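In what follows, a single structure is set out as structure tokens and then discussed.
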Amino acid sequence: MNVSSRIAKNSFFQFWSVLLTLGSSLVLSIALARKLGPGQYGSYSFALWLVGLGALLSNMGISVASTKFISEYQGAGDQRGLTWVVRATLRSRALVAVAIAIALVPISMLLIRGDPGSSVRFYPLLISLALVPSALHQAFQGILKGFQRYDYSTIALTVGLLLKAFVAVALVWLGYGILHLLILEAVAWGLAAALGLLFLRRLVGKPFSKQGSGLPREATRNLARYAAIASVLLLMDFIINDRSEIFFIKLYRPDAEVGYYSLAFAMATYPMLLIPGALGSVLLPAISEQFGRGDSTRLAAIFVTSARYLMMLAFPLAVGGIVMARPLVIALFGQEYTPMVLPTQILMGVGAGYAVSLSTSSVIWGTNRPQYFLLMSICLVPINVIACNVLIPLYGMKGAALAQWSNVAPLPITVWYVTSRLGVSWPYRDTVRIIVACVVMAAGVTFLKSYLQGTGLIPVVILLGAGLYLPLLIVSRALRGEDLSLIGSLLSRRGLPGWLGSPLRMFLAARPRGGAPLSPGQTTADRPEIAEAGEPGAAG
């Protein structure tokens, strides 16, 4: 299978992985929020947050490093290095997960000691039990994605998610509580981890055996250094991106605000993860493979064109989400959850910035330059912690949402860093065109919303807004004739969702004009055709 076909296939399975993850989480959130109420739902959200924190601490950058180096060694044809990375990933991740689970018991006992209920004393043990299979599942996901077997990773994830979603809803409606939901958490991820191991054995035989020798000392040091930097970055990213503000809300505010904020964060980020996120998440292994082959031309083309399409997908989601936040919250969760409307609107812009940054972050990670993120995070973490401690006591969950805007601040610097090293320009003209189209679309949706009121008409307003946005892109020339011609030809191919698969195949299948790999000593600055990324309209 050639590169473009493999990436198209991976994007299809990644889309369904994200769709199932976000869809099951949304259904579960709605059902649990309505049945448990803000207080109990806040306690359950905090317990899951502890499980996620433990899984993050057990990661130590191992999963990110395994995905990157398995793809790179696979591209270079180094089977010995590939097998060593798999074995080292599983052993280290399992040992660290057990250690973190043991350490998490007294910590969780301290943090949830004030929660009401006779079953609270069992929460710490169940949180730790859920951590180990969750961490192992994540390890298998990283390895399978490194092999670019997104079909295997999707199947394992699907089984765990569907089991968790359906059984959790049934348990709650039958009158069971948080204790049983935490037991289900451990069982679901244990089954998903077992499936991951089964699929991995089909790829490498016995992943825990000591077949063959290890990597050369220098290669081992490179991998360990990459994993160490990734570990620090993941921890910092958790502080500034991944809802660490829940800890501060729990510390300063009532449990109900934890539940409100968790739902607001989900409403703002899920659409970004589903549509532009599914498009951007397959970039890292693809870029790592091209980096291993030394094809800088293709790498630059992937970056510029992916940035255009990520903006086309992310910006309207953010603007439309801001306009439609109130009717959506009332329709999904009920009138009592209206306090989460403003935090949801604030977080929409943060989600758009995250989605667009996937183009730059994939290049930085894929070309072995994680030190940039380390330096940036050293500056951002103190700012984010100070913002949380100042804004949350004053404004509660609205302050937590405002603190998240510190994540968007370094994006222009990151764009400059990547473009200067690839020798390309950011598509500034297309950026302006897309923003103008989104503003006009927002005005139209606001007008439609004032006339088409009622829960049943919300999908109609959303569809009409989407129908307005596409011609606005064409009129503003953000989406041009050659783009539409290429989309039409791609839609007649394999059965991928056109809005997802087509943009991916556009920037991965089409070759840059004059697109031979750079000769030794040549940079992309010496190749002006790369400034146009070799794609329809990429010059902006």
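Brief remarks follow.
- Label positions at residue 443 and residue 30, each projected 7 Å from the Cα along the C-beta direction, are separated by 3.3 nm.
- Count Lys and Arg as plus one, Asp and Glu as minus one, and take only other residues whose Cβ is under 10 Å from that of residue 152; the net charge is then +2.
- The P(r) of segment 365-407 has a tail past 15 Å containing 49 percent of all C-alpha pairs.
- On full extension, the segment bounded by residue 409 and residue 475 gains 20.7 nm, given 0.36 nm per residue less the C-alpha separation.
- Largest-first principal axis extents, alpha carbons of segment 306-456, Å: 51, 39, 20
- The label-point distance for residue 375 and residue 455, in a model that sets each label 7 Å from Cα toward Cβ, rounds to 5.3 nm.
- Förster radius 22 Å - calculated FRET efficiency between residue 293 and residue 204, Cβ distance, rounded to 0.05: 0.45
- Rounded, prolate or oblate (a/c below 1.5 giving rounded, otherwise prolate when a/b exceeds b/c) for segment 126-173 by Cα gyration tensor: oblate
- In the complete set of protein chains, residue-level accessible area for residue 446 is approximately 70 Å², probe 1.4 angstrom.
- Principal axis dimensions, segment 281-387 - Cα atoms, whole angstrom, descending: 56, 33, 17
- Probe 1.4 Å - accessible area at residue 449, Å² to nearest ten: 60
- Three-way shape call for segment 226-360 based on the alpha-carbon gyration tensor, with the a/c threshold at 1.5: oblate
- Gyration tensor (alpha-carbon) shape descriptor, segment 387-448, a/c threshold 1.5: oblate
- Using the average count of surrounding beta-carbon atoms within 10 Å as a protection proxy, the listed peptides 400-412, 164-176 rank, highest first, as 400-412, 164-176.
- Within segment 361-392: backbone nitrogen closer than 13 Å to the residue 252 label point (7 Å, Cα to C-beta): 384-392
- As a length-normalised measure over Cα pairs under 8 Å and 6 or more apart, the relative contact order of segment 248-343 settles at 36 percent.
The values are calculated or read from the model by the stated rules, or taken from the named source; none is laboratory data. Computed from a prediction, not measured in an experiment: that's the story for all the values here. Virtual Cβ from ideal backbone geometry, glycine too; neighbours counted across all protein chains shown. Please note that ligands, DNA and RNA were not included when accessible areas were found on the heavy atoms of the full protein model with its side chains. Shrake-Rupley method; radii C 1.70, N 1.55, O 1.52, S 1.80 Å.
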